Amino acid sequence: MTARLEERAEALERFGWKGRKAEWIALVCLHSGVFTRTQATAFLNTHHERARRMVHALIAQGLAAEETVPRVRGIGRVCRIYARRLYRALGAEHIRHRRTASSVVLLRRLLSLEHVIEHPDLPWLPTEAEKVAAFDALGIGRGLLPVRVYRGAAGTTRRYFHVKLPVALDSERAVFVYVDPGHDTATALRSWGRAHRELWLALGTLGRSVEAVVVARTSRQVARARKVMRYWTEASGTADPDPMVARELARIERAIIEGAVEILDEYGGLQAALQRSVALEKEALRQPRRATIHRSDAWRTVRLQGVRYL
């Protein structure tokens, strides 16, 4: 466990939490906001009954709630830590993990936590501010960071690393984690890779080894991810990919994830949009490319492998 997490966990003593349990609560708040009893049992190396009592204690304090995930089977009840005062104590008051979310987003958060649990000694950058500050310190311009722009009545807001997936960084390497929530397509993974491409190249220029890891639930997802990432670690020319292909793929991906029916209807519905994305992915594979990362891996979860969408 990193010293930084231990320091943050000390801030939870005012809520009556100390030691390993405080570290677990801090870890959850910073990386997912949600957890299962099975995950807590594994991290704490304890009996499931003690994990149950911890969940009930969090609920009794008004810090968390335990809920079922709509339209998802094989996951059981999920504990969501929502109390703003708890996140404030950890220096992450405005992180969105404490809010309710769709079943896809909740599963993504749980899978992200899975990887962090299994790799606790990596120097994780849990919040947007910490990620941005780390790359600022390396002299990497914010124009190279993945970003989404939100426009509203109050003005324009730029959110860096908006999908909120794990990133670790030290003096030798950078690790970027992608989570496959179960979409039967590689479109979202390819879009994630394109969003990080310039950052990865900049890190390589600075001498950092760049690693990309995909967390998946099934052997099919693992195989698909490895096929995609193989092209990120190999080079076959130096030409840049067709930006029109990249933009259309990203547009279809957002429409699928956000349920933008009007965009999907342009393609003739969801299935037709998926078919179009597959065709675009094949076209992208035929284009010249250069290696953007040094190492890739697809990691299959054990605790959540039985989860299924209804």
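The values are calculated or read from the model by the stated rules, or taken from the named source; none is laboratory data. The shown structure was predicted, so the numbers you read here are calculated from the model rather than taken from an experiment. All Cβ positions, even for glycine, are placed from backbone atoms using ideal geometry, and neighbour counts span all protein chains on display. In case anyone asks, the SASA skips ligands and DNA or RNA and just uses the protein heavy atoms, side chains included. Shrake-Rupley method; radii C 1.70, N 1.55, O 1.52, S 1.80 Å.
Which residues, taken from region 145-162, are surrounded by 17 or more Cβ atoms within 10 Å (Cβ to Cβ) and either modelled with pLDDT under 85 or within 16 Å of VAL116 (Cβ to Cβ) (or both)? Lay out the reasoning, then the answer.
From region 145-162, those surrounded by 17 or more Cβ atoms within 10 Å (Cβ to Cβ) are 145-146, 161; that's our starting set.
Once the filter is applied, which keeps residues that are surrounded by 17 or more Cβ atoms within 10 Å (Cβ to Cβ) and either modelled with pLDDT under 85 or within 16 Å of VAL116 (Cβ to Cβ) (or both), region 145-162 yields only PHE161.
List every residue pair whose Cβ atoms sit under 6 Å apart, with the two residues 6 or more apart in sequence or on different chains, where the first one lies in region 52-75 and is open to solvent by 20 Å² or more (accessible area, probe 1.4 Å) and the second, anywhere, is among the small types (Gly, Ala, Ser) and assigned to a loop (DSSP other than H, G, I, E, B).
That search, which allows pairs on different chains as well, returns GLY74/GLY306.
Within region 91-121, restricting attention to residues that are open to solvent by 10 Å² or more (accessible area, probe 1.4 Å), assigned to a helix (DSSP H, G or I) and out of contact with any helix residue (DSSP H, G or I) (no Cβ under 8 Å at 6 or more places or on another chain), which residue is nearest to TYR178 (Cα to Cα)?
ARG108
Go through (1) farther than 25 Å from LYS18 by Cα; (2) assigned to a helix (DSSP H, G or I) one by one and return the number of the condition ARG88 breaks.
Answer for ARG88: the failing condition is (1).
Exactly one of (1) modelled with pLDDT of 80 or more; (2) open to solvent by 70 Å² or more (accessible area, probe 1.4 Å) is unmet by GLY269. Its number?
Exception for GLY269: condition (2).
This table checks each residue for (1) under 30 Å from LYS18 (Cβ atoms); (2) aromatic (Phe, Trp, Tyr); (3) within 20 Å of the chain's Cα centre (by Cα).
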residue	(1), (2), (3)
GLU66	yes, no, no
LEU107	no, no, yes
LEU138	no, no, no
PHE161	no, yes, yes
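Exactly one of (1) in contact with a strand residue (DSSP E or B) (Cβ under 8 Å, 6 or more places away or on another chain); (2) among the hydrophobic types (A, V, I, L, M, F, W, C); (3) open to solvent by 40 Å² or more (accessible area, probe 1.4 Å) is unmet by VAL210. Its number?
Of the numbered conditions (1) in contact with a strand residue (DSSP E or B) (Cβ under 8 Å, 6 or more places away or on another chain); (2) among the hydrophobic types (A, V, I, L, M, F, W, C); (3) open to solvent by 40 Å² or more (accessible area, probe 1.4 Å), the odd one out for VAL210 is (3).
Go through region 272-301 and report how many residues are closer than 20 Å to ASP180 by Cβ, at pLDDT below 85 and open to solvent by 50 Å² or more (accessible area, probe 1.4 Å).
2
Counting only residues that are open to solvent by 10 Å² or more (accessible area, probe 1.4 Å) and either of a type outside the set (Phe, Trp, Tyr) or out of contact with any strand residue (DSSP E or B) (no Cβ under 6 Å at 6 or more places or on another chain) (or both), how many does region 167-185 have? It would help to see each step written out before you state the result.
Residues of region 167-185 that are open to solvent by 10 Å² or more (accessible area, probe 1.4 Å), as a first pass: 169-173, 178, 180, 182-185.
When the remaining residues are screened for being either of a type outside the set (Phe, Trp, Tyr) or out of contact with any strand residue (DSSP E or B) (no Cβ under 6 Å at 6 or more places or on another chain) (or both), the result is 169-173, 180, 182-185.
Counting residues in region 167-185 that are open to solvent by 10 Å² or more (accessible area, probe 1.4 Å) and either of a type outside the set (Phe, Trp, Tyr) or out of contact with any strand residue (DSSP E or B) (no Cβ under 6 Å at 6 or more places or on another chain) (or both) gives 10.
Just to be sure before I move on: is ARG84 among the basic types (Lys, Arg), surrounded by fewer than 19 Cβ atoms within 10 Å (Cβ to Cβ) and at pLDDT 90 or above in the structure I sent? Please lay out each step first, then the result.
On the way: among the basic types (Lys, Arg): yes; surrounded by fewer than 19 Cβ atoms within 10 Å (Cβ to Cβ): yes; at pLDDT 90 or above: yes.
Yes: the conditions hold for ARG84.
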